[in-house]
Each structure stands twice: as C-alpha cells, then as structure tokens.
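A short reminder: the numbers here are calculations on the coordinates, not readings from a lab. In this text the structure is predicted, and so the values were computed from the model without any measurement. Cβ placement follows ideal geometry from the backbone for every residue including glycine, while neighbour counts extend to all protein chains displayed.
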Amino acid sequence: MGELLAGKNIVVMGVANDRSIAWAIAQSLAEQGARLAFTYESERVEGRVRKLAESIPNSLILPCNVTADEDIDKLADTLRTEFGVLHGLVHSIAFAKAEDLAGEFQDTSREGFALANDISVYSLVAVSKRLSPLMTEGGSVMTMTYMGSERVMRNYNVMGVAKAALESSVRYLANDLGPRNIRVNAISAGPIRTLAAKGISDFNSILKQVEEKAPLRKTTDAAEVGDTAMFLLSHLSRGITGEVIYVDGGYNIVGA
Ligand code: NAD
C-alpha cells in the first residue's frame, strides 16, 4: 500500500456494482491510504454498495440521489460532521433513457434530453457547489466522460451532447474553484463493459473496434481509469485543472 492519499478524505459517487468505474477508482484511492465515503443512488443498489464499501476499512456509506437537492444538502451536512475537511470528490454518474440511446439523435424527447442533462451534467455542478466549501485545504474534483462528446458515435446520441456539456462544465468549475486551490478535471475513458454500458446498443462492436484500432490494441481496463483518477486526486497532479485526460489506449488519436 502507498501513502499518496494518506490523511485525505474523498467522497466517491457512482458505485452500483463491482463493475462500476467508481468502484475501480475507489480501490485505487484506498490503496493509497484515502479515507472514503461512498454514496448510492437508491435502495435498489444500497445492499450491493454496502457490501463492497464494507470491504474497505473505515468507509462511510451514504444515500444521495443527485436529482434531489435535499439529498445533496444532507450529504454535505453528514460529510461536514464525519470528515470535517473534504479533499476529493469523484463524480461517476450518468443516466439516459434507453430509447434515447438508439436510433437517431433528432428523436430525443424534450423530457429525455432534460433528464440526461440533469443527472449526467447538472449533478456535477450541484454537488461541487455544495461540497467545495468543505475543501478548506484545497481539493480535487473529477468526473467521467466519453469521446462521444466530440465525435458522433453510433447510438450515444443524447449522452454525447450531455458529455460535451459536462466537459465544458469542468472548465467553468475549474475557473470558479481554482482560486481556492480546488482543481476540476475529467477522465475520458475508452468503452468498458459496465451496467451503464449495457444501455448502449451494439456495445460489443464498439469494443471490437477499439481492440483492433487503438494503438495499445486492447480495450480499457477500469483499473487503468482508477489509477489515473488516483493521480488526479493526489498532489502529483497539482498543476492540472480544467482538463479532459483520455484513458483509452490511445484510440482517440487514430484517424481513418
Ligand atoms: P455504472 O452503471 O456502474 O455507473 C453509473 C452510476 O450512476 C451508477 O452507480 C448509478 O447508480 C449512478 N446514477 C444514475 N442516476 C443517478 C442518480 N439520479 N443519483 C445518483 N446516482 C445515479 O456505469 P459506469 O460505466 O461505471 O459509469 C460511470 C461513469 O463513467 C458515467 O458517467 C459514464 O458515462 C462514464 N463512462 C463510462 C464508460 C463505459 O464505457 N462504461 C466510458 C466512458 C465514460
């Protein structure tokens, strides 16, 4: 075990099961000595999150549905009581309706568009606003994005537009919070088979293409994302803010 995050209190939002990218991130953070608080979306996933989180000594497990301001306020209050000072926030949350992740983007409903952006984008803004006051010793916020923000990827549709807004939010938040020595960054991961990925039609062919074309000739491991997140949460990345860092085996650099 390393010591890069010894004495650091970090909240991890977005564990649903052991395949969640947030879980891989939590493991990398715990390996470097961080104390963790996990949030879960609803009672539907609580049992699974509890079981995983309890394998990491001394961690907290708290409810937070990011569509509810009162849940976020309560989370901030509990973290203030339990941690006092917060050093890091991992935001690994997204959602879109299944019907908005297939077919043509122009068919996205007003309601589907609003929901995807509320959960996948506005939540980063709302949570950063409520939790950054606890980062009195400086801090690091990170979120998860995907290349569908910049390029048209089949079936990614409304989530691509949401990820573009998320990456822009990272830059605006970095500018707001930088004077308080709070950094805000995103990791753009290659495709990884998780619960959220199950919602994307034809995910297998996306994985196959990455395996064939990425410079590293492999798909992305959640643990690779976990270790990059650990770097972003540690003092090693102290000069980096407002950035989107690709962890995708280099796939994004390849042309035709
Ligand atoms: P996942 O399904 O394990 O994680 C998504 C999480 O979002 C779940 O824990 C779910 O409970 C949470 N969530 C959804 N609605 C919520 C709400 N209202 N309140 C609180 N939490 C809510 O899947 P994942 O692939 O680990 O996704 C994590 C992040 O990584 C997402 O932002 C996703 O877009 C991003 N990402 C995933 C991939 C991939 O290929 N899997 C690639 C790049 C980026």
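A few points about this structure:
- Estimated FRET transfer efficiency when R0 is 41 angstrom, pair MET1-GLU99 (beta carbons, to 0.05): 0.35
- Length gained when the stretch ASN17-THR136 is fully extended (0.36 nm per residue, less Cα-Cα span): 39.7 nm
- 222 nm mean residue ellipticity, helices alone, for the chain (DSSP H n ≥ 4; -39,500 (n - 2.57); rounded to 500): -12000 deg cm²/dmol
- If R0 equals 35 Å, the separation of the Cβ atoms of LEU195 and ASP77 corresponds to a calculated FRET efficiency of about 0.75.
- Comparing MET142, MET13, MET153 in a Gaussian network model of the chain, where Cα atoms under 10 Å apart are tied by springs, the biggest mean-square fluctuation is seen for MET153.
- Residue separation of ARG171 and GLU70 scaled by 0.36 nm, minus their Cα-Cα distance, works out to 33.8 nm of gained length.
- Acute angle (nearest 10 degrees) that the helix 69-82 long axis makes with the longest principal axis of the chain, alpha-carbon atoms: 40
- Alpha-carbon centroid distance for the pair region 145-221 / region 90-142, whole angstrom: 13
- Only aspartates and glutamates eight or more places from LYS51 in sequence, or on another chain, were considered; those with a Cα closer than 19 Å are ASP18, GLU31, GLU41, GLU43.
- GLU111-ILE253 FRET efficiency (beta carbon distance; Förster radius 35 Å; 0.05 resolution): 0.45
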